[in-house]
Amino acid sequence: MGILKSAADLVYTIRFLKLLVTKFEDTGAYKAGIIDADGNKIKSFSMDTMENRDAYRSHYTAFHRLVFNLKKLMAKAPGGSSVVARYGAALALIKEHGELSDENLQKIHEETGIDIMDVLLENSRWYVLEDGNLGQGMYRMRNDSMTDQCHEVVRKDDKVRVVENNLCYDVLGIPVYEGVHMRTGHRVLFTANEIAK
């Protein structure tokens, strides 16, 4: 039985992803004056009024702090400041490790309000074969990324070897492929528009 099977887990997954892709300026914590535009807690925020205490309890819980801190950490990693660009890969990892159905992934996609075309600005099919796999060979990464377990940074122009049967799965109609990062030997997940010859 997968980790994310229950309805409560799906709700928290949706809340997590929705907050992860929301700008700090659009959060309740920012509007209440608890955090600044970079997600840092404002030291001068006072709990002296009932309104401020209620806002703090509603918009700056342990869950909110976890997501805010994760967003700040992601912004420091290569490619991490563009959360939308990595949204498809994040959903793919959730699907792989959490065993979410396509129906639940569609719910997550709809709830977060991200247009799938923002995730993939172009649907590059140059290297895709008739069976849906990528042609075998050596490719280079178009942007910085991470290996599948976030162990190593994959730099722009790093080489990735693609072997046969490289199509991992389909997330909301977007094929996700795997290859081997040549510098580290770790597995990398990517979409067709993230690689070039």
Among residues belonging to the range 17-54 that are in a loop (DSSP other than H, G, I, E, B) and open to solvent by 90 Å² or more (accessible area, probe 1.4 Å), point out the one that is nearest to Glu110 (Cα to Cα).
Lys23
Filtering the range 169-186 down to residues that are open to solvent by 50 Å² or more (accessible area, probe 1.4 Å), under 15 Å from Val153 (Cα atoms) and in contact with a strand residue (DSSP E or B) (Cβ under 6 Å, 6 or more places away or on another chain) yields Val180, Met182
Just to be sure before I move on: is Tyr87 part of a helix (DSSP H, G or I), at pLDDT 90 or above and among the aromatic types (Phe, Trp, Tyr) in the structure I sent?
no
When you look at Asn143, is it modelled with pLDDT under 80 and in contact with a Pro (Cβ under 9 Å, 6 or more places away or on another chain), yes or no?
yes
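The values are calculated or read from the model by the stated rules, or taken from the named source; none is laboratory data. As the structure is a prediction and not an experimental result, all values here were calculated from the model. Cβ: placed from backbone, ideal geometry, glycine included. Neighbour counts: every protein chain shown. Ligands, DNA and RNA are excluded from the accessible area calculation, which covers all protein heavy atoms including side chains. Shrake-Rupley method; radii C 1.70, N 1.55, O 1.52, S 1.80 Å.
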